[in-house]
Amino acid sequence: MKSEICVVSYGGVFPEAKNPDEMFANLMEGRQSVHDFRTPPPKDQFYSNLNYFYNPDKSASNRIYSPMGAFINRNWAIEFAQNLGIDHEKHSSTEIFTLEAARQTLAPLKDKVDFAKFEIIIGATGIDQELISQCKLRLLEEKLHISPESAEYKQVKAKAHKLSVPHKNYSSATAILASLREQFGIRGLSFLTDAACASSFAAIYCALLRLRSGDTEFILCGGTEGNLSPSMGALFSKVGVLSEKTIIP
């Protein structure tokens, strides 16, 4: 007989909702959280430069043909960081939102469960520092047409490697695991899984396998994604996965 698995708590940060209760309230009220970014929205909630990349022509290069999106207020990261007792300047907004979702999940379990026994499985995608460095060099070669053999290339490359990259702007996805472990004292196995848009489901599936194996009793799992940037919109437009229809609130 298979052992039953129970969801004992949950949390989350969503567009126009700081927690699941607010999200469900929005759903019950019929509130529309997907908006047309061509209409000037509050600047602290939306990427103002998305409108620059909008082009209804699907054949246009490096443009976004869908004007719709759901956005999380980036200023919430400052508020959440204060509640978590961390410096928001040292963490990406995605890290902070993930930490807040975890805090909501673990708060009801405080003093009831030893968090050190927890494991962490998070569905996420991220860019690491090595990839960023490679992108910089490719920009020099292909976009600026600077030869790798030239003195100018070597000079710029040397300066680029000496730059101090702000952690909050370029933190890797694995930093999320480190932050969760440090913040909540979790000591069990932890890893990320990437299945594109199905990453959160992949994390849940892996958690089920771990629980059914009997090797652990508690797992903090879920998904996190915060990159709705012009470049990501252009990527999704290139593969044609965005809806061409607009949603009217």
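The values are calculated or read from the model by the stated rules, or taken from the named source; none is laboratory data. Everything numeric in this text was worked out from a predicted model, so none of it was measured. Ideal geometry is used to build each Cβ from the backbone, glycine not excepted, and the neighbour counts take in all protein chains shown. Just the protein is used for accessible areas: all its heavy atoms, side chains included, with ligands, DNA and RNA removed. Shrake-Rupley method; radii C 1.70, N 1.55, O 1.52, S 1.80 Å.
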Next on the checklist: Under 5 Å between amide hydrogens, which residues at least 5 positions from F14 or on another chain qualify, with H placed 1.01 Å from N in the peptide plane?
Outcome noted: N19
Next on the checklist: Can you tell me which aspartates and glutamates have their Cα less than 12 Å from the Cα of K245? Leave out same-chain residues fewer than eight positions away.
Outcome noted: D36
Item to check | Extension gain, I5 back to L189 (0.36 nm per residue minus Cα-Cα distance, nm) | outcome: 64.4 nm
Next on the checklist: As a test of reading the structure, rank D21, D57 by solvent-accessible area (1.4 Å probe, protein chains only), most first.
Outcome noted: D21, D57
Checklist outcome for this item: Computed about the Cα centre, the charge dipole of region 58-121 from +1 Lys/Arg and -1 Asp/Glu charges at the Cβ has a magnitude in debye, to the nearest 20, of 340 debye
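Under the 0.36 nm per residue contour assumption, what length would be gained going from the current alpha-carbon distance of A198 and L109 to full extension?
Net length gain for the segment: 29.3 nm.
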